[in-house]
Amino acid sequence: MSSYRIAVLPGDGIGAEVVAEAIQVLQVVEKGLSDTQFHFDEYSVGAGEYLRSGSALPEATLRACAEADAILLGAMGLPGVRQADGRELAPQIDLREQFSLYAGLRPLFLYHPDHSPLKNPETIDLLLVRESTEGLFWSRNEAQNLEAEFVEDRLHISRTGAERVCRAAFWEARKRRQHVTLVDKANVLPTMVFFRHIFDSVAQEFPDVQTERIYVDAMALYLVQKPSRFDVLVTENMFGDILSDLAAGLVGGMGMAPSADIGEKHAVFQPAHGSAPDIAGQGIANPIATILSVALMLDWLATPETIQGAEWIRRAVQQVLAQPENRTRDLGGTLSTQEMGERVATQLRTYM
């Protein structure tokens, strides 16, 4: 019997609400697997924990996450809870940096044409791979003088960082449609010229995968005009942060956007949305992004049974969302968070 210990970090705002539905779905999957068990250990993190203890990510919790087989995160941060320098708390970024979770996977899939703001949208099925440990986030923890004449952020690209995220993108493309697009700004920024040079070098290791290179501003245009042309995109941290939200808007919004931040030994799985304090406690948040993040977790655990479970979850979500009545408020419907979670769970039970 394979047993996995999952560190659960519900966090702030709607985090606990959507995580509860994802765990319910995972427990249903577990019942259909003959040789796999999941154990859940919940820890307090985020803005609420910062107000209680003075630390948004206590050291004991960090150690527990390091010992877990995977980390399931809800949402962290609240706009009104800030550090002394004015920035919001971001322990989810701390986790990426502490555990070197360099490959940010942001899959975007259009489950129903009505979810998209595009007119007559074609199939949208792309994966954005975001470098998650350096780039323009590199100097985020440096103290700044708000009375100074200027403040600088540094865009840091290392050879190791670029090589590993590019390889991750090519490996993902081999599982999909064997096409990788580099998104950069190599016509202006020396760091992006360097990133492109490393991308070109890594591409030679994958002769079976087709490539193209597009500047980030043009990519924002092309994603709106013809998102169906793209398979895997790989890019710098900040570019990926922005483009993944844009792409989420094409498939129904942040409630439809799962994510995984993956390193060599550890991985965090979370919805790409924030804590949404404006709707917290109302039971109307869309749990689909968190449920699909659990499917990414099962893929990452990478046993035949967990991969089967991931396929079940994605199939259940697809079948549920195919019905127009199955919509949360962000999709124009009336289902509550719990009702949407239960419909996915009910569909899953039909596979057992």
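The values are calculated or read from the model by the stated rules, or taken from the named source; none is laboratory data. Predicted model only: the values in this text are computed from it and were never measured. Glycine gets a Cβ as well: all are built from the backbone with ideal geometry, and neighbour counts include every protein chain shown.
Summary table below
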read-out: Any hit, region 94-114, residues being surrounded by 23 or more Cβ atoms within 10 Å (Cβ to Cβ) and closer than 12 Å to Gly46 by Cα; value: yes
read-out: Failed item, numbered, when Phe239 is tested on (1) in the same structural domain as Phe137 (by TED's automatic domain parsing); (2) assigned to a strand (DSSP E or B); value: (2)
read-out: Residue among Arg140, Arg159, Arg164, Arg176 that alone is free of Cβ contacts under 8 Å to residues at least 40 places away in the same chain and among the basic types (Lys, Arg); value: Arg159
read-out: Residue check, Gln27 modelled with pLDDT of 95 or more and either crowded, with 24+ Cβ neighbours inside 10 Å or in a helix (DSSP H, G or I) (or both); value: yes
read-out: Which numbered condition Leu233 fails, given (1) closer than 18 Å to Glu131 by Cβ; (2) hydrophobic (A, V, I, L, M, F, W, C); (3) surrounded by fewer than 22 Cβ atoms within 10 Å (Cβ to Cβ); value: (3)
read-out: Out of Val165, Val151, Val224, sole residue that is surrounded by fewer than 16 Cβ atoms within 10 Å (Cβ to Cβ) and assigned to a helix (DSSP H, G or I); value: Val224
read-out: Subset of region 293-352 (residues that are of a type in the set (Asp, Glu) and farther than 24 Å from Arg106 by Cα); value: Glu325, Glu339, Glu342
read-out: Among (1) free of Cβ contacts under 8 Å to residues at least 60 places away in the same chain; (2) buried (at least 18 other Cβ atoms within 10 Å of the Cβ); (3) in a loop (DSSP other than H, G, I, E, B); (4) of a type outside the set (Lys, Arg), the one test that Gly274 misses; value: (1)
read-out: Search result, residues across region 250-286 that are more than 16 Å from the chain's Cα centre (by Cα), closer than 30 Å to Pro113 by Cβ and of a type outside the set (A, V, I, L, M); value: Asp278, Gln282, Gly283
read-out: Glu21 being crowded, with 21+ Cβ neighbours inside 10 Å and either within 19 Å of Pro258 (Cα to Cα) or not small (Gly, Ala, Ser) (or both); value: yes
read-out: Odd one out for Pro79, checked against (1) modelled with pLDDT of 95 or more; (2) surrounded by fewer than 20 Cβ atoms within 10 Å (Cβ to Cβ); value: (1)
read-out: Within region 323-352, tally of residues that are out of contact with any strand residue (DSSP E or B) (no Cβ under 6 Å at 6 or more places or on another chain), of a type in the set (A, V, I, L, M) and not in a loop (DSSP other than H, G, I, E, B); value: 4
read-out: Which numbered condition Glu264 misses (of (1) over 19 Å from Phe170 (Cα atoms); (2) charged (D, E, K, R); (3) not assigned by TED's automatic domain parsing to the domain that holds Phe194); value: (1)
read-out: Among residues of region 46-95, those that are within 28 Å of Thr303 (Cβ to Cβ) and either aromatic (Phe, Trp, Tyr) or assigned to a loop (DSSP other than H, G, I, E, B) (or both), counted; value: 2
read-out: Tally, over region 83-139, of residues that are under 20 Å from Tyr50 (Cβ atoms) and polar (S, T, N, Q); value: 3
read-out: Pairs with Cβ under 7 Å, 6+ apart, first in region 77-97 and farther than 23 Å from Ala267 by Cα and of a type in the set (A, V, I, L, M, F, W, C), second at pLDDT 85 or above and part of a loop (DSSP other than H, G, I, E, B); value: Leu78/Asp12; Leu78/Gly13; Leu78/Ser275; Leu78/Pro277
read-out: Every residue from region 52-76 that is surrounded by 14 or more Cβ atoms within 10 Å (Cβ to Cβ) and over 23 Å from Gly263 (Cα atoms); value: Ser55
read-out: Flag if Ala289 is part of a helix (DSSP H, G or I) and either more than 11 Å from the chain's Cα centre (by Cα) or of a type in the set (Phe, Trp, Tyr) (or both); value: no
read-out: Some residue of region 194-205 being surrounded by fewer than 16 Cβ atoms within 10 Å (Cβ to Cβ), part of a loop (DSSP other than H, G, I, E, B) and assigned by TED's automatic domain parsing to the domain that holds Arg327; value: no
read-out: Tally, over region 243-271, of residues that are in a helix (DSSP H, G or I) and touching a helix residue (DSSP H, G or I) at 6+ places or on another chain (Cβ under 8 Å); value: 9
